[in-house]
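Report on one structure; see the data block that follows.
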Amino acid sequence: MSFKNANEIDEGESLDYDVCIIGSGAAGIAVAKEFSESNISVIMLEAGGIDFEDELQTDYTYNAVNGREGEWDFTRTRQWGGTTSVWYGRCTKLKPIDYEKRDWVPNSGWPIGPAEVEKFNGRALTTLQVSHQHAIDSAYWQKSETVNAFNSNDIDANVFLWSNPKDMAVAHHKSLGNSKSVTLCYYAFAQQVVPTENDDHIDSVLVKSANGKQFSIRAKHVVIAGGSIENCRLLLLSQKNSPHGVGNQHDNVGRYYMDHPRIEGMAKLMVNFENKNWPSLIRHLDETITDAGNMQVFLSLSEQLQRKEKLLNHGTVFRSIFKEQIASGYLAAKNLYYSVKGKDGNGIDYRDVANMLKGLPKLAQTSLKQALGKPLTFSHLILIDQLEQEPDRASRICLDSEKDRFGQQKTCIEWEIGQSTTDSLRWFHTALDKRLREINLGWVDSPMITDRDYVPEFTDACHPSGTTRMSSDPKTGVVDANCKVHGIDNLYIAGSSVFPTVGYANPTLTLVALGIRLADKIKSNLMVDSTPAAVDSSPAIIEERV
Ligand SMILES: Cc1cc2nc3c(=O)[nH]c(=O)nc-3n(C[C@H](O)[C@H](O)[C@H](O)COP(=O)(O)OP(=O)(O)OC[C@H]3O[C@@H](n4cnc5c(N)ncnc54)[C@H](O)[C@@H]3O)c2cc1C
């Protein structure tokens, strides 16, 4: 791969490629990698630099309306590799029910089914460098006592595996580095996709370099892969032919914005220590190193219970809490950290300050114990709930009056979460509590069970989705089943912005699978097209980035 610094491109220059990919995160790399051994010329535009730069990240600031706050400026990263430079790397699949049109979930239903995505999951796992791919399926874990203990009528036990190395820029620096066909153009902020007069083809992409020079890319195919918030922003900003932007004839761009409403530590899984099998029964609930790599079981509402009670999907992971941590004020310090950051929205609780100060001597002792590899004493597990939310037109991203350094409008985020998310959370805690008692393993300590009126305080899970949703009907979506923008013959979207619904699964495995599928489609289009444009001849830089 050759690297081009956009700051060195001349003002007004126009460059020709077969494929232009906007964004070099998980989605952009998934698409680009598929062309790396071809003679198809590909340019990947990246607004950020090769490494993280504070100043460029500030372009991600936004305004939230409706009082609901996420952390959307640093839930995504502007640099080569995108947000994979900071993500946790957990991979799992959407469940078959997530693709269905469920009569109790308005606007649900994908135009493609799980079998179509499954065809690409193997290649996606390879791209994400997940070893032991077969272990992603729960059938592999039938020997796990944890999986067997929890699988029941109301609860499903599933697994996460980890991508390793997590940073896709690091993982693919070499494989893309050897490619003669792919160019990474950094400090290159795509400002608009420019349609032809009759609006059915993208003629060029207008780009600004970090030092303010404007140039354009002309490509046979254009893929927008800037992350869910920027994907819709770019379409809305592309106003050459219409003040509503590109692909927005039915006012769908930016709408149906979803994340995974998340809540950490509100509920506890308390263990009945009289059950002598408790260590093996809960063993895989926290991250575990196994022969198949690091894995973690997470528990979800069974498909059967979702159908019966008309619930949304729901997944929960767990984290062990140790007695030494409680005594040491570690948890108080953590609560304090989140309230100072405003993440839980409750302000500073001065009891946390007092507990933290009280626990300082113990904290030193616990840290020493951990550093020496001495075992800590298990107390309980906390639940980290990650929920599905309904796709709702009123939940949306639009353009704000505030502008970025290039005079482009920033985003305004209105995140709506319906009541059915809270109802499904209450069902899950109740069903888990029932199962724990059935197997004599413990119980769930949750305000959702003890107080019917309890209102949980959700944060986002850094999984923005849905803003350019997939639908076979242009009236209800932005892209078609092939991720092509309706009505435009050469403009595509890669990323979780195309998801019509989100289930509870972390999105990256599925968005990478869809990116690979899209690359295959574009490749086959180009094969029947005329001869590809000339391959970039600037020298390849393949130095290692670690
Ligand atoms: C802390 C954290 C933990 C996470 N953990 C997990 C996890 O465990 N599992 C999981 O599945 N997901 C996780 N995620 C989410 C995951 O990171 C995203 O799903 C994934 O990175 C999305 O890939 P993307 O390519 O669509 O967007 P990004 O990775 O955000 O990449 C988009 C790229 O496009 C560039 N760009 C944007 N607009 C433009 C423009 N106009 N011109 C040029 N370039 C542009 C950006 O600079 C960026 O580099 C996590 C996220 C965070 C923040």
Exercise. Have a look at region 221-294 and give its Rg and Dmax from the Cα atoms, expressed in angstrom.
Key: 23.6, 71
Quiz item: Over the C-alpha atoms of region 79-125, what are the Rg and the largest Cα-to-Cα span, Dmax, in Å?
Solution: 14.3, 41
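Which length gain, in nm to one decimal place, applies between residue 377 and residue 443 when the Cα-Cα distance is subtracted from 0.36 nm times their residue separation? The partial results should precede the final answer.
Numbers: separation 66, 0.36 × 66 = 23.76 nm, distance 1.92 nm.
The residue 377-residue 443 span can extend by a further 21.8 nm.
Per residue, what accessible area does region 402-512 have, given a 1.4 Å probe and all protein chains present, in Å²?
Working: 3780 Å² over 111 residues.
Per residue, region 402-512 has 34 Å² of solvent-accessible surface.
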Self-check item: Surface accessible to a 1.4 Å probe, residue 492 within the full protein complex, Å²
Solution: 10
Quiz prompt | Under Karplus coefficients 6.51, -1.76 and 1.60, residue-wise ³J(HN,Hα) of region 188-201 in Hz, glycine/proline x | solution = 10, 9, 6, 9, 7, 9, 9, x, 6, 4, 8, 6, 10, 8
Self-check item: Computed magnitude of the charge dipole of the chain (debye, nearest 20; Cβ of K, R +1, Cβ of D, E -1)
Solution: 1320
Exercise. Any of 213/521; 95/310; 93/143; 143/310; 4/33 with alpha carbons more than 26 Å apart? Name them for me.
Key: 213/521; 143/310
Self-check item: Average silhouette area of region 100-177, convex hull of alpha-carbon atoms, in square nanometres
Solution: 7.8
Practice problem: Could you list the residues of region 170-214 with an amide nitrogen less than 11 Å from a label point located 7 Å from the Cα of residue 55 in the Cα-to-C-beta direction? | Solution: 210-212
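Averaging sequence separations of C-alpha pairs under 8 Å and six or more residues apart, then dividing by the length of the chain, give the relative contact order as a whole percent.
Numbers: 1282 pairs, mean separation 140.1, N = 546.
For the chain, the relative contact order is 26 percent.
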Practice problem: Identify, among 201, 263, 252, the residue whose Cα sits farthest towards the positive end of the charge dipole of region 196-274, taking +1 on the Cβ of Lys and Arg and -1 on the Cβ of Asp and Glu, with the dipole about the Cα centre. | Solution: 201
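If you build the Cα gyration tensor of region 394-449 and take the root of 5 times each eigenvalue, what three semi-axes come out, in whole angstrom, biggest first? Provide the component values of the computation, followed by the final result.
Details: eigenvalues 396, 28, 10 Å².
The answer is 45, 12, 7 Å, longest axis first.
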Self-check item: Extension gain, residue 145 back to residue 367 (0.36 nm per residue minus Cα-Cα distance, nm)
Solution: 76.8 nm
Exercise. Give the cross-link partners of residue 220 among the aspartates and glutamates, using a straight C-alpha distance below 18 Å as the criterion and excluding same-chain residues fewer than 8 apart.
Key: 13, 16, 18, 34, 197, 199, 200, 203, 489, 520, 529, 536
Quiz prompt | Fraction of alpha-carbon pairs over 25 Å apart in region 52-201 - percent | solution = 57
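What number in nm² do you get for region 365-470 if you take the convex hull of its Cα atoms and divide its surface by four? Could you put the intermediate results ahead of the total?
On the way: hull surface 52.5 nm².
Result: 13.1 nm².
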Quiz item: Could you give the distance between the Cα centres of region 277-324 and region 83-136, to the whole Å?
Solution: 18
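With a probe of 1.4 Å, find how much accessible area region 144-277 has per residue, and write the answer as a whole number in Å².
On a per-residue basis, region 144-277 sits at 34 Å².
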Practice problem: Could you tell me, in Å, what Rg and Dmax come out for the Cα atoms of the chain? | Solution: 24.0, 74
Quiz prompt | Cα→Cβ-extended label distance, 7 Å offset, between residue 203 and residue 273, nm | solution = 7.4
Quiz prompt | Distance in nm between pseudo-label sites at residue 423 and residue 249 (7 Å out along the Cβ direction from Cα) | solution = 3.7
Quiz item: Share of the chain's accessible area from carbon and sulfur, percent, 1.4 Å?
Solution: 50
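Of 403/475; 180/208; 119/484; 166/484; 101/484, which pairs sit farther than 23 Å apart, going by alpha carbon to alpha carbon?
Working: 403/475 30 Å; 180/208 25 Å; 119/484 19 Å; 166/484 28 Å; 101/484 21 Å.
Violating the 23 Å Cα-Cα cut-off are 403/475; 180/208; 166/484.
The values are calculated or read from the model by the stated rules, or taken from the named source; none is laboratory data. Model, not experiment: these values are computed from the prediction. Cβ atoms come from the backbone with ideal geometry, glycine included; neighbour counts cover every protein chain shown. The protein model used for the area step is the full one, side chains on, heavy atoms only, and it has no ligands, DNA or RNA in it. Shrake-Rupley method; radii C 1.70, N 1.55, O 1.52, S 1.80 Å.
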